[in-house]
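Engineer: I have a structure I would like to understand better, so I am pasting it below and will then ask my questions one at a time.
Throughout, read-outs are computed from the coordinates displayed, never taken from laboratory work. Note that this is a predicted model, so its numbers are computed, not measured. All Cβ positions, glycine included, derive from the backbone under ideal geometry; neighbour counts span all protein chains shown.
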Amino acid sequence: MSHAPKKKKTEANLIAQAAEALAFLARFAARPTQVGALFPSSRELAEAMLEGIELKSGDIVIEFGPGTGAFTEAVLERLPEGAKYLGIERDPHFHGHLEDRFPGIDFHHGSAEELPDLLSHRGWEKPRLILSGLPFASMPLEIQELILTATRDTLHEDGEFRTFTYPVCWYLSGSMRFRKVALNHFGEHRKSKTIHKNIPPAKVLSYSKPAKK
């Protein structure tokens, strides 16, 4: 029995992944404070970002900074009929890439702090899951505050906000500042085990709204 089609598909996937990695590296070189990573996130990190999340019809998923679509692909594979997705990408190159890669999917070219207006414009309810690939640690404090305020105010009461960090940067001032600011906006939080099959290794940070008193 021939395995040629499977082999060709695997080779095509590897070529596509290499092309995306080169494109990502080029965008990092051009805009290091906006891209914030040398390589696209791995499939393993994408899986960890969605671990334990069971999406249902009617759920809304928001993604900040989809980049080349590593998390987007995993989300769309799990998105049930009747659920909605919106990706918010500031980089024009990545925004165009996302529209080409995922035709018919809703991507907004703009900034994450616009989220309340974007939801209102679409007539959408509060999202149950907000994922972020944004480089929070390299952002000015005021931008962090704007995005986290928009995230907290729009997140469903039972929802989660998830982002990730690199353990190698855990004690750097930018990373420590972001975690402190995030805790000022959210209640419960937790971190995942280290995902070693990512360059560099990463941890997922999950936040939820404070319980109502």
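Engineer: Gain in length, E44 to E73, computed as 0.36 nm per residue apart minus the alpha-carbon separation, to one decimal in nm?
Structural biologist: Net length gain for the segment: 9.2 nm.
Engineer: Using the Karplus equation 6.51 cos²θ - 1.76 cosθ + 1.60 (θ = phi - 60°), what ³J(HN,Hα) coupling, rounded to whole Hz, does each residue of the stretch 89-105 give in order, writing x for Gly and Pro?
Structural biologist: Couplings: 10, 7, 6, x, 5, 5, 4, x, 4, 5, 5, 6, 6, 10, x, x, 8 Hz.
Engineer: Next question, about the same structure. Per-residue HN-Hα couplings for the stretch 56-73, Karplus 6.51 cos²θ - 1.76 cosθ + 1.60 at θ = phi - 60°, whole Hz, x for Gly and Pro?
Structural biologist: Couplings: 10, 4, x, 5, 10, 10, 10, 10, 8, x, x, x, 8, x, 4, 6, 4, 4 Hz.
Engineer: Okay, moving on. For the residues T149, T72, T154, what sequence is obtained by ranking on other C-beta atoms within 10 Å, fewest first?
Structural biologist: Starting with the residue having the fewest Cβ neighbours, the order is T149, T154, T72.
Engineer: Name the long-range amide H neighbours of I199: under 5 Å, sequence gap of 5 or more, or other chain; modelled H, no Pro or chain starts.
Structural biologist: S42
Engineer: Quick one: which residues, 5 or more positions from V61 or on another chain, have an amide H under 5 Å from its amide H? H modelled 1.01 Å from N in the peptide plane, none for Pro or chain starts.
Structural biologist: K84, Y85, L86
Engineer: Using θ = phi - 60° and the Karplus form 6.51 cos²θ - 1.76 cosθ + 1.60, what ³J(HN,Hα) does each residue of the stretch 107-121 get, whole Hz, x for Gly and Pro?
Structural biologist: Per residue, the Karplus-derived 3J(HN,Hα) values read 10, 9, 8, x, 10, 5, 5, 7, 3, x, 5, 5, 5, 4, 4 Hz.
Engineer: Now for a separate question. Considering only DSSP states other than H, G, I, E and B, which GluC sites (Glu not before Pro) in the stretch 149-206 qualify as loop sites with at most 16 other Cβ atoms within 10 Å?
Structural biologist: Filter output for the stretch 149-206: E157, E188.
Engineer: Report, in listed order, any pair from K126/K197; K84/K126; K84/K193; K84/K180 with a Cα-Cα distance greater than 21 Å.
Structural biologist: Check vs 21 Å cut-off fails for K126/K197; K84/K193; K84/K180.
Engineer: Continuing with the same structure: What residues have an amide H closer than 5 Å to that of H108, excluding those fewer than 5 places away on the same chain, when H is modeled at 1.01 Å from N in the peptide plane?
Structural biologist: It is G87, I88, E89, by chain and number.
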